[in-house]
1. For region 57-102, give me each residue that is outside any strand (DSSP E or B) and either open to solvent by less than 30 Å² (accessible area, probe 1.4 Å) or within 16 Å of Leu32 (Cβ to Cβ) (or both).
2. Would you say Leu54 is open to solvent by less than 50 Å² (accessible area, probe 1.4 Å) and touching a Cys at 6+ places or on another chain (Cβ under 8 Å)?
Amino acid sequence: MEQEVGESLIQLGNSDGSNSSSSDPVTRVRKLLFRRMLVGIKDGRFFLGTFHCLDKQGNIILQDTIEYRSTRRSNPSPMEQRCLGLVLIPSSCQNSCHVDCSVEEQLSLLKV
């Protein structure tokens, strides 16, 4: 199951760095480390990879990434894919972001 976390990731990246509670942004981002993440960008492509890093600007780094893009040719598969490896996705290009996790983990990520 996937959970939309795009806005919360950007909010987490813009934190002040306080370590006072379990809702600390750094702690919340650490829960996402090494999870499969699907990130959509504005030109219609999707990147599926393992979440590796988030910087202060909200840029996401995925490792072992596969790029999916739609093809307009008349072949049987509507999506074309290619393996890319390590990818940085700028926050200005991000359109959607989904994380692969259980229902319990989704609820724990949403708690403030």
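1. Narrowing region 57-102 to residues outside any strand (DSSP E or B): 57-59, 71-78, 90-93, 101-102.
Those that are outside any strand (DSSP E or B) and either open to solvent by less than 30 Å² (accessible area, probe 1.4 Å) or within 16 Å of Leu32 (Cβ to Cβ) (or both): Gly58, Asn59, Thr71, Ser91, Cys101, Ser102.
2. No; evaluated as a whole, the condition is false for this residue.
The values are calculated or read from the model by the stated rules, or taken from the named source; none is laboratory data. No experiment lies behind these values; they were computed from the predicted model shown. Note that each Cβ is placed from the backbone with ideal geometry, even for glycine, and that neighbours are counted across all protein chains shown. Remember, those area values only see protein heavy atoms, side chains included, never the ligands or the DNA or RNA. Shrake-Rupley method; radii C 1.70, N 1.55, O 1.52, S 1.80 Å.
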